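Inspection log for the structure reproduced underneath, given as structure tokens.
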Amino acid sequence: MEPPRFYTDVFIRSDRYIGGSSKQEILRAAQSAPSRLVEFEGMEGLFEPILDRHELVRDRLLEIVNPRWIPEPPAEPVIAVHVRLGDFSKPKSAKDLDAKNGNVNFRMPIEWYMHAVRLLRTASGGKLQAKVYSDGPDSELAGLLSMQGVSRAPRQAPMKDLIALSQASALVASGSTFSMWASYLGRMPVVWHPGQLRQRLYLDHPELEAEVGQDSRLPETMAEAVARLSTGVN
């Protein structure tokens, strides 16, 4: 079971935004003029309305997050591995892992995560360390954590995890919207399990997003981008 998420001290006030009694007055006025009020609800379209606003969204998010939940960027390039287990179901067949059929919130095989890490580390010349972020116990991550150069991130607040994931140089995604947010904010090379790339987020660099099977290789363009990470070349 995924631990409960609390957001009571995640955000701080910003002079840029309206709050308190002024906010209530504006909301009351907007009820008589609905065209002035934009309501965000649900996940229809996912990131479609903000695909080209990633820099603005990231800047505004970091502006209102409590500094205690903003981690220091890693000193060296690192692979972030997001393994969602707690509230995700175990797939009964390969069909369960195809989000294109409307199937979401299923666990990816640990063996697939291991394969993805190997591919990224090989592309980097074996130099990149990998950090695992997960809500699952070590026992369920044993194969992944036993790999050379792979360690587990300490358990911390979800917002801190999200920002840490977004700071990585490459990402192995879980198939959750949490991974999508890390990808959207971070703009790094991202590996998805086949059928789990629900929406392409990089309009300008589609080669940095790829679905890679357990018996497949990285696309050449992504491998080249990962290779540049270990040399410090952009």
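Read the figures in this text as sums done on the coordinates, not as results from a lab. The model shown is predicted, which means the values in this text are computed figures rather than measured ones. Because the Cβ atoms are built from the backbone with ideal geometry, glycine has one as well, and the counts that use them run over all protein chains shown.
If you rank 191, 78 by fewest surrounding Cβ atoms within 10 Å, what's the result?
78, 191
Among 192, 112, rank each residue by its count of other Cβ atoms within 10 Å, from fewest to most, as a rough exposure measure.
112, 192
Dividing the alpha-carbon Rg of the range 71-231 by 2.2 N^0.38 Å yields what?
Its radius of gyration relative to the 2.2 N^0.38 Å reference: 0.94.
Tell me whether the range 20-68 comes out rounded, prolate or oblate; compute the Cα gyration tensor, take square roots of the eigenvalues as a ≥ b ≥ c, and use a/c under 1.5 as the rounded threshold.
Oblate is the answer for the range 20-68, as a/c is 1.5 or above yet b/c matches or exceeds a/b.
Hey, got a sec? Which trypsin sites (Lys or Arg not before Pro) in the range 70-121 land in a DSSP loop and have at most 16 other Cβ atoms within 10 Å?
92
What distance in nm separates the simple spin-label points at residue 214 and residue 22, each placed 7 Å from Cα in the Cβ direction?
Reported label-point gap for residue 214 and residue 22 is 5.6 nm.
Which loop GluC sites (Glu not before Pro) in the range 30-102, with loop taken from DSSP, have no more than 14 other Cβ atoms within 10 angstrom of their Cβ?
Qualifying residues, ordered by number: 39, 41, 44.
Is any residue of the range 202-232 close enough, with backbone N under 16 Å, to a label point placed 7 angstrom from the Cα of residue 51 along the Cα-Cβ axis, and if so, which?
202-210
Treat each spin label as a single point 7 Å out from the Cα along the C-beta direction, and report the residue 204 to residue 93 distance in nm.
About 4.3 nm separates the two model spin labels.
What is the fewest-to-most order of 68, 13 by other Cβ atoms lying within 10 Å of their Cβ?
Sorted ascending by nearby Cβ count, the order is 13, 68.
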